[in-house]
1. Count, please, the residues in the stretch 319-362 that happen to be surrounded by fewer than 11 Cβ atoms within 10 Å (Cβ to Cβ), among the hydrophobic types (A, V, I, L, M, F, W, C) and modelled with pLDDT under 80.
2. Out of all the residues in the stretch 67-78, which are more than 24 Å from residue 197 (Cα to Cα), open to solvent by less than 40 Å² (accessible area, probe 1.4 Å) and not in a helix (DSSP H, G or I)?
3. Would you mention how many residues in the stretch 266-278 are within 14 Å of residue 209 (Cβ to Cβ) and open to solvent by 10 Å² or more (accessible area, probe 1.4 Å)?
4. Could you look through the stretch 228-260, keep only residues that are of a type in the set (Lys, Arg) and under 21 Å from residue 280 (Cβ atoms), and pick out the one that is most open to solvent (accessible area, probe 1.4 Å)?
5. Among all residue pairs at least 6 apart or on different chains, which show Cβ distances below 6 Å where the first residue, located in the stretch 346-375, is closer than 30 Å to residue 295 by Cα and the second is open to solvent by less than 100 Å² (accessible area, probe 1.4 Å)?
6. Over 19 Å from residue 8 (Cβ atoms) and either at pLDDT below 70 or open to solvent by 40 Å² or more (accessible area, probe 1.4 Å) (or both): is that true of residue 158 in this structure?
7. Of the residues 30, 25, 63, which is modelled with pLDDT under 85, open to solvent by less than 40 Å² (accessible area, probe 1.4 Å) and in contact with a strand residue (DSSP E or B) (Cβ under 9 Å, 6 or more places away or on another chain)?
8. Just checking, which of 287, 263 is in a helix (DSSP H, G or I) and surrounded by 22 or more Cβ atoms within 10 Å (Cβ to Cβ)?
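The values are calculated or read from the model by the stated rules, or taken from the named source; none is laboratory data. This is a predicted model, so every value here is computed, not measured. So basically every Cβ, Gly included, is an ideal-geometry build from the backbone, and we count neighbours across all protein chains shown. Side chains included, ligands, DNA and RNA excluded: accessible areas come from the protein's heavy atoms. Shrake-Rupley method; radii C 1.70, N 1.55, O 1.52, S 1.80 Å.
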Amino acid sequence: MSASQLKPGGYLYIQYAEEDLWHDRLLLARVGTSTTKWVIATPDDDMYIEDFSASCEDISAVRLPAPGGGLPRDAQGAGAYRFRDRPTGRDLETLKREAEVLAQSESLRYGADASDVDGWYAAEEAHGFKKGDKLHVTDESVIAGRKGVYVGRTAMDEEFTLFMEQVSAIDLPTYRKKDQSMEESDARTLAVLRKDGKRQCDFREAVTLLAQVSFEDWRVPGPRTTSWCMQFLGKKNGPMSHHEWWRTVAKLAPSDYGVAEHEMIMRALQDGLEYDQLDLVNLVLCEHLVRRAQLIEYYHRERTRQEMSLGSGGSASKGLIEHEEQDAFMGTAGLTGSLMICPALVEHVSREMERQSSIDKQARKAREERALRRK
């Protein structure tokens, strides 16, 4: 059994000296950089630190569970004291958080540097950060357990967000290489959380659990925008709340272009995260959905701008410039900043339009030159 096989949320069977009985143990948190000392939970709801090293005289044998969680073949025949109901979902996450506190306290007792025990690291590659880069958490950052959203500012004092995770120093090298070996099926799902016995989680809390994974064969051209959209919708109290706000502010009827489609997309995103509990940022189908929703909002934004221009009297741009310049001077987002339109996508579309325009221009010039040569 290697140290890499021991992970928070995993299980071990322990046989103590002079006993035949196997004891079920839930691994919750590694203590410092030790590979054998863990905070564990027992079937009797006890939580304490146990050392599984060969030098521990109290333990005679340690075994990993067989597939399905039962005793391994070489331990069968002896009795086992097991969990009646193994903790899952929120119960498991609560135990892990409590264990982290105990693990850090134990590490500090023996002079370990807390920064070496756990730190916050970028969970995605964006805004100049690579996965595994150290982050200095700001007061604005949102944390839920060992995952969260880092809030920072660019050199131009523009706010940006980045998914982050809390990682122990000993796990950091493996964590930085995680994308290379991660199964795609793992990247597409989240742990199932329940509320009052039913499969359910809060949209805003679930957004903090999403982590974008890089795929070399990602099949949607342009920037991946689902991550940005999920963070945006998390700040808007969920997709359906944003849909109702957008429809009201834009003064749209259900029969207007794209409104019914926009509602169905928002409902799909909300159910996909709250009930299906999928890691939406790693699903191509979700990228298609949010691209369509952004196109619909972009269409109505441009329509509103055109109406404002036509209604501004003698100057076709006076009213538009006044509104946007006022937002820039006051540092407010205005209507544009309240729409689900990813800036990176707008930049990508702009570049594509310029590229296509240049191609069309060259094609026209070539046709004209051929026509002149024929004369």
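1. 4
2. Matches in the stretch 67-78: 70, 71, 72, 78.
3. Final tally of qualifying residues: 3.
4. Step one: filter the stretch 228-260 for residues of a type in the set (Lys, Arg), giving 235-236, 247, 251.
Now drop any that are not under 21 Å from residue 280 (Cβ atoms), which leaves 235-236.
Working: 235: 131, 236: 70 Å².
If we take residues in the stretch 228-260 being of a type in the set (Lys, Arg) and under 21 Å from residue 280 (Cβ atoms), then 235 is most open to solvent (accessible area, probe 1.4 Å).
5. Qualifying pairs under 6 Å: 348/222; 348/223.
6. Numbers: over 19 Å from residue 8 (Cβ atoms): yes; either at pLDDT below 70 or open to solvent by 40 Å² or more (accessible area, probe 1.4 Å) (or both): yes.
Criteria met by residue 158.
7. Numbers: 25 fails: modelled with pLDDT under 85; 63 fails: open to solvent by less than 40 Å² (accessible area, probe 1.4 Å).
Step by step, each of 30, 25, 63 is checked, and only 30 is modelled with pLDDT under 85, open to solvent by less than 40 Å² (accessible area, probe 1.4 Å) and in contact with a strand residue (DSSP E or B) (Cβ under 9 Å, 6 or more places away or on another chain).
8. On the way: 263 fails: surrounded by 22 or more Cβ atoms within 10 Å (Cβ to Cβ).
Result of the check over 287, 263: 287.
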